[in-house]
Amino acid sequence: MNILLVYPKYPDTFWSFSKVLSFVSKKASYPPLGLLTVASFLPKSWNKKVVDCNIENLKDSDIEWADMVFVSAMLVQKEDAQKIISRAKSKNKIVVAGGPAFTTSHEEFKGVDHFVLNEGEITIPLFLEDLKNKKLKKIYTSDLRPDITKTPIPMWDLINIKDYACVQVQYSRGCPFNCEFCDIIIMNGRIPRTKTSAQMIKEFEALYNIGWKGGVFIVDDNFIGNKVNVKEMLSSLIKWQKEHDYPFKFLTEASINLSEDEELMNLMSQANFEKVFLGIETPSLESLKECNKYQNVKKDLLTSVKEIQHHGMQVMAGFIVGFDNDKESIFQRQIDFIQKSGITTAMVGVLNALPQTQLWHRLKKENRILSNSTGENCNDSLNFISKMGNETLIKGYKQILKTIYSPINYYKRINVFLNNYIPTVKVKFSPNSIKPFFKSVWEIGILSNSRTLYWKLLASTFFKNIQKFPLAVEMAIYGLHFEYITKKILANKSI
C-alpha cells in the first residue's frame, strides 16, 4: 500500500514569517507534525511519502504513485486543502482527511472519501480495522479522549528536517479554561492530558539523534494546563539539556497565570525556554469577562508580562478587537498596552466565530453570523455582525496595525522589551548565525526606510548590553515581516 501524506500550503500571514525564512535559509517555519505522527500509526509495511506544499509543489507523479492520499489541515489551509483533494480525485485516488479543519467543518469539503476526525489515537485504528475488513465508512468520529502516553514518536525520516526553521513536539492536549471564542476545548477537552516525562525525553532524543539543534516548539495550546505534571517533566528536561549541552531552545503557548508561579517560570528558564505565546486578548476587563477569560482578570496584565520577561522569556501575544463590550476607545487602549508591554510579536486580530465554538453558537442564535470563518483572525476578515458596526471595527483594527507596526513604534517596543528582559537562554554559537546579521545589514541597514532606527538599536544594544545584541538583530528582522503583512492588510479594500 502506497500512502501519500499531503500538507496544504499556508497563506501569507503574520504567522507565516515568510520574510524571516530567507534570512535563515529555510523553506518553511514548521514541519507537518500531525501528518508525521499519523504516519507512525500506519502499518510499518506500507510505503509512505510526505509532501509539504510549503516546501515543494505537489506533482502529478506523487499522486499517481499513491493508493491513498491523506490530507491534514487547519482551517486557515482550507483553500489549498480543497485543491489537493480535487487533484487527487481527478486521478481517481481514495482521499482520507483529518485534522482540525475537517473535525470542525468536514461538511465544507468536497470529494473526500473518508473523514478520520477528532483524535487519531481513537479514530485511526477504527479506520484501519474497517479497511482490513473492507467495510470502510464515510466518517470516523469519537468523543473519547485518548491516553496520549500511547502516542508514537513522529516519523521524522519522512522529511528533510533542514528545510525547517523550527521543529515541533506535543506534550499535552486540552485546556482547563473555557474561553468563549476558542475551539481547543471542542477538539481536545478541558482536562489537560500529558505525556510522561520519560516519553518526552524519548521524543527529544529522537530529534537529537537525527542531528537537530535549535528551536523546538512545544505546540500545546496551554503548556501549563497541568502544572504538577509539567513541573515534573521540566525537571527531567533540565537534566537532559545539561547532559547534552543544551542543544534546544524552546517556545510554547501558555496562559498568563504562568506569571503567578515563580517555581514554574524558573524551571522553564532553566530548561532553556526562550519564548512563550500568551492569549492576552484585550486590556478591557469587561470584554475579558464577556468571553469567559477570567484567568486574565486576576492580576495586572502589564505586571504579568514583565515578570515573565524578567525570567528570560520573550512574551509573544494574541490580541482581539470586536467583543460586544468593546467601545471605540478600545483601539487606542490596545495600542497603548502593546507599546507599554514591549511585546514585539503582537498578533492582533478581529474576533472571529470559529465553527462550533460557544461564540459561534451564541451568534448563530442571535442571527449575527455572516459567513464561515477563514481560520485566520490576524487580518481584516470578519464573519459576524459586530455591535460596534463592521466598518468601524475594521477601520479601528487597521489603525492599530498601522500604528504598532510603523517602524518608529515597533523599534520603540524593541527597546522597551530589551530594558525589561533579563536573558537566561543558553545560545550556541554557529557560523550560520552570522548570515542573518549580514543579510539584515544589507536589507534593513541599507535598503529599508528603517535603517536609521536599525543602526541606533544595534549601536545602543552593542554598547549597553552585548548579550542582547543577537536578539535585537532578530527582532529587527521580524519587523520586516510584520511591516510587509501590515501593508497587505491595509491595502485590502474589502470593507
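Here are a few things to note about the model shown:
- For a paramagnetic label modelled on residue 492 (point 7 Å from Cα along Cα→Cβ), amide N atoms under 13 Å away belong, within the stretch 3-23, to 11-15.
- A simple rule links phi to the HN-Hα coupling: the Karplus curve 6.51 cos²θ - 1.76 cosθ + 1.60 with θ = phi - 60°, which for the stretch 451-462 gives 4, 5, 5, 4, 5, 5, 4, 5, 5, 4, 5, 4 Hz, with x for Gly and Pro.
- Exposure proxy for 392, 37, 282: other Cβ atoms within 10 Å of each Cβ, ordered fewest to most, give 392, 37, 282.
- Full-extension gain in nm, residue 12 to residue 372, via 0.36 nm per residue minus C-alpha separation: 127.6 nm
- Distance between the 7 Å Cα→Cβ label points at residue 447 and residue 139: 5.0 nm.
- Between the amide H of residue 314 and those of 275, 276, distances stay under 5 Å, these residues lying 5 or more places away or on another chain, with hydrogens modeled in the peptide plane.
- Base-10 log of normalised Debye intensity for the chain (one unit scatterer per alpha-carbon) at q = 0.10, 0.12 Å⁻¹: -0.80, -1.20
- Cβ-Cβ distance of residue 236 and residue 47, R₀ of 45 Å, FRET efficiency by 1/(1 + (r/R0)^6): the value works out to about 0.80.
- The H on the amide N of residue 169, modeled in the peptide plane, is under 5 Å from the matching H of 217, 218, 219, each at least 5 residues off or on a different chain.
- Partner lysines whose Cα lies under 17 Å from the Cα of residue 365, excluding those fewer than 8 positions away in the same chain, are identified as 387.
- Unpaired cysteine residues in the chain (no second Cys Cβ under 4.7 Å): 53, 166, 175, 291, 378.
- Separation of alpha-carbon centers, the stretch 207-222 and the stretch 82-110, rounded to whole Å: 29
- ³J(HN,Hα), Karplus 6.51/-1.76/1.60, whole Hz, each residue of the stretch 418-428, x for Gly, Pro: 4, 6, 7, 7, 10, x, 10, 5, 8, 10, 8
- Charge tally around residue 217: other residues with Cβ under 13 Å, Lys/Arg +1 each, Asp/Glu -1 each, net -3.
- In this label model, residue 129 and residue 202 are separated by 2.3 nm, measuring between points 7 Å along each Cα→Cβ vector.
- Cβ-defined net charge surrounding residue 31, 9 Å radius [Lys, Arg +1; Asp, Glu -1]: -2
- For the chain, averaging the sequence separation of C-alpha pairs within contact (under 8 Å, six or more residues apart) and dividing by the residue count gives a relative contact order of 13 percent.
- Restricting the stretch 136-231 to trypsin sites (Lys or Arg not before Pro) in coil, as DSSP defines it, with at most 14 other Cβ within 10 Å: 137, 138, 190
- Per-residue 3J(HN,Hα) values for the stretch 433-448, derived from phi via the Karplus relation 6.51 cos²θ - 1.76 cosθ + 1.60 with θ = phi - 60°, read 6, 7, 4, x, 5, 5, 5, 5, 4, 6, 6, 9, x, 10, 8, 8 Hz in sequence order (x marks Gly and Pro).
- Here the gap between residue 261 and residue 22, fully extended at 0.36 nm per residue and compared with their Cα-Cα distance, gives a gain of 82.3 nm.
- Per-pair calculated FRET efficiency, R0 = 60 Å: residue 90 and residue 460 via Cβ, rounded to 0.05: 0.55
- Computed lengthening from residue 64 to residue 327, 0.36 nm per intervening residue step minus Cα-Cα distance: 89.2 nm
- When each of 275/456; 249/468; 83/488; 412/435; 93/137; 44/110 is checked by Cα-Cα distance, pairs over 18 Å: 275/456; 83/488; 412/435; 44/110
- 13 Å beta-carbon shell around residue 473, net charge (K/R +1, D/E -1): +1
Where a number appears in this text, it was derived from the coordinates with a stated rule and is not lab data. A quick note: this is a predicted structure, and the numbers were derived from the prediction, not measured. Cβ coordinates were reconstructed from backbone atoms using ideal geometry, including for glycine residues, and neighbour counts include every protein chain displayed.
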